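Comments concern the structure below.
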Amino acid sequence: MPDSIILRGKQARILIALRDTSKDWYVGSLAKSAGTTYVHACNFVKECEKLGITVGERHGKTKIIRLTGKGEQISGMLSSIYSLISEQPPQNEEAGKQEPVV
């Protein structure tokens, strides 16, 4: 199901990275930002283009990737979700263990 692909970590990081409009994003820079391979990022960007989430602008041999209006909404939601998750206190591994009764 292609619409569930954006909920995975690396794909979400790509969409969140695209929110930074202060720089031009290429597939290679998106891959590096998300900690994934060029091929993985390229395939994800192609899928996003099919779904109307991103658009690629050709500049000679290079292609700059940008979010569409739909993509900006999705990216904003993902960013909010990740912010909410990171605000939770870290899980204490010891919390699940009971102290021995002496």
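Tabulated values for the structure
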item: Residues of the range 32-59 satisfying the condition of being free of Cβ contacts under 8 Å to residues at least 12 places away in the same chain and not hydroxyl-bearing (Ser, Thr, Tyr); result: Lys32, Val39, Asn43, Lys46, Glu49, Gly56, Glu57, Arg58, His59
item: Count - residues of the range 17-49 that are over 15 Å from Ile64 (Cβ atoms), buried (at least 16 other Cβ atoms within 10 Å of the Cβ) and aromatic (Phe, Trp, Tyr); result: 1
item: Output for the range 60-80, where each listed residue is in contact (Cβ under 8 Å) with a residue 24 or more places away in the chain and not in a strand (DSSP E or B); result: Gly71, Glu72, Ile74, Ser75, Gly76, Leu78, Ser79
item: Residue count, the range 1-18 (criterion: at pLDDT below 95, part of a loop (DSSP other than H, G, I, E, B) and either of a type outside the set (A, V, I, L, M) or closer than 13 Å to Leu78 by Cβ (or both)); result: 1
item: Scan of the range 24-54 for residues that are part of a loop (DSSP other than H, G, I, E, B) and under 18 Å from Arg13 (Cβ atoms), ordered by number; result: Asp24, Tyr26, Gly35, Thr36, Thr37, Ile53
item: Residue among Glu57, Glu94 that is surrounded by fewer than 12 Cβ atoms within 10 Å (Cβ to Cβ), in a helix (DSSP H, G or I), over 15 Å from the mean Cα position of the chain (by Cα) and at pLDDT below 95; result: Glu94
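The values are calculated or read from the model by the stated rules, or taken from the named source; none is laboratory data. What you see is a predicted model; the values in this text were computed from it and never measured. A quick note on method: Cβ atoms are made from the backbone with ideal geometry, for glycine too, and the neighbour counts reach across all protein chains shown.
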